[in-house]
Amino acid sequence: MGEFEEFAEALLDQISVEIDEEKEIAKLSEKIDEDKEFPKQFIGLESFSKEIFPDICKKVEEFTGFPIKSDLRIEFPDLKEFKLLKGKKVFATKQSRNFVDELFSAVADLDTKNIAELIQKDTEKFLVYSTYAKSYISKISTTYGDYLDSCVYLNKFILSSYPKIILYKQGQPYDLRKEQVESGYKGALKMTMVEEIVHSTQDNLQEDNKNAAINVNSINEELAKIILNLDEDSTKNLYEYLQLQTVPDNFPIAKHANLFFMLNPDNFVVNELGPDVMTYSHVEIDPKISEIVPELSEIYQRWLLPIQSHHAAFSTMEGIAEFAVQNILQDDDDFQNYLTTFMGTDFSSYKVRKNMGKELTEKVFNKFGKDAFRFLIEKPPSTRELKEPELYLKRDLSTGSKHM
């Protein structure tokens, strides 16, 4: 087996737990469908979603004050289609767009040969975007929905399977528990729809997040190219200084890949400096490493602003959505049953769950009411303001300036 094939198999090994879980879900779902004692009349994903869609849109519009897009629609992708959608949510550089789509398709198909060919075709891009393939696809079984380009996508594979599996695992008598499980399922759909419809109103934040992510990925592509082109002595010196486990010389790609994954700022800077790096204005790195890779210090410095913008925009988007769910569904019996039956928690525990974006949203809402959503979307907070909401509240919100 060649080095590229080994790389491909290693990537699939890293998501093997998720793949096994998907197979188990499909197998158990089929078994349930064959069980003659299991209730056959379970609420339909598509029919119920379409039924509540107008009402949820209205509630989101009333709570946030933002008009819902007239062309907003719902789609129900199957498992592979949902994985391809997650590939679309990787905000790659223009020259890498096709590569990312091809990579996610090959990973979705578990196609080792195709993945290996993509690695050989462009190792630089693979190093940058394989981390997305691994992290996004490994979360599919806990992802109910997503939003992109005026469309709310609901994960048909998971949402069609989970309620049946939850009821089945609770055991007989099914009829006594069906109503509560079905109610919890409705709550899950309502929650997901509120979240994604809220995301559909966040155009400015969505654009900030996308542009920042593209910038981060561009910088990481640049770093990958530098690392792949390191000469033998520099590579050896870095391995010794960083105390990395040695890789045989007949695996040159693996040798450089280890260095990239180690020195990638998303890993190296954050691990070295901790999460507070999101509020820094300057990054200092080890002089010895800078001596071996002179470009690294400047790359890390350029990475800092877009990663902070990405972090702030994404955290704010998620925080607003969670705050909206908390308020719109606080008296909804189905949502209460979802928390109890699906999550094993209750509304009180859900409400106090820590989230920087949600905490900022709550503080701004308490001061400005519905205007809070307009301020947060049109005048996004900085990472420091996320951490210290009082700074955002002191900002002159009549202007669009950001203070980093």
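Computed values, structure above
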item: Largest to smallest accessible area among LYS164, LYS31 [probe 1.4 Å]; result: LYS31, LYS164
item: 5 Å binning of all Cα-Cα separations within region 152-195, expressed as whole percents from 0 upward; result: 5, 22, 30, 21, 13, 7, 2, 0
item: Helix-derived mean residue ellipticity, 222 nm - over the chain, DSSP H n ≥ 4, -39500 (n - 2.57), to 500; result: -22500 deg cm²/dmol
item: Dimensions (Å) - region 139-253, Cα atoms, principal axes, largest first; result: 70, 41, 20
item: Kirkwood Rh and Cα Rg combined as Rg over Rh, evaluated for region 298-344; result: 1.32
item: Inter-label distance, nm, simple model (7 Å from Cα along the C-beta direction), LYS89/ASP396; result: 3.8 nm
item: Compactness of region 302-404 as Cα Rg over 2.2 N^0.38 Å, two decimals; result: 1.18
item: Residue among MET317, MET193, MET262 with the largest mean-square fluctuation in a Gaussian network model of the chain, springs linking Cα atoms under 10 Å; result: MET262
item: Cα coordinate range in region 124-186, projected on the principal axes (Å, largest first); result: 56, 27, 12
item: Principal axis box of region 1-86, alpha-carbon based, largest edge first, Å; result: 58, 41, 19
item: Cα long-axis angle, helix 97-108 against the chain (0 to 90 degrees, to the nearest 10); result: 70 degrees
item: Accessible area (Å², per residue) of the chain, counting only protein heavy atoms and a probe of 1.4 Å; result: 48 Å²
item: Two-decimal ratio, the chain, of alpha-carbon radius of gyration to 2.2 N^0.38 Å; result: 1.09
item: Helix axis angle, 174-200 relative to the chain longest principal axis, alpha carbon, degrees; result: 50 degrees
item: Percent carbon-and-sulfur accessible area, region 174-240, ignoring ligands, DNA and RNA, probe 1.4 Å; result: 37 percent
item: Whole-percent carbon and sulfur share, accessible surface of region 274-404, 1.4 Å; result: 50 percent
item: Rounded tilt (10° steps) of 356-368 against the dominant C-alpha axis of the chain; result: 60 degrees
item: Value in Å of the Kirkwood radius, where region 54-152 supplies the Cα pairs that are averaged; result: 15.2 Å
item: Share of alpha-carbon pairs per 5 Å distance bin for region 91-205, given as whole %; result: 2, 10, 15, 15, 14, 14, 11, 9, 6, 3, 1, 0
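The values are calculated or read from the model by the stated rules, or taken from the named source; none is laboratory data. As the structure is a prediction and not an experimental result, all values here were calculated from the model. Counting neighbours? That spans all protein chains shown, and the Cβs are built from the backbone with ideal geometry, glycine included. Accessible surface is based on the protein model in full, side chains and every heavy atom, while ligands, DNA and RNA are left aside. Shrake-Rupley method; radii C 1.70, N 1.55, O 1.52, S 1.80 Å.
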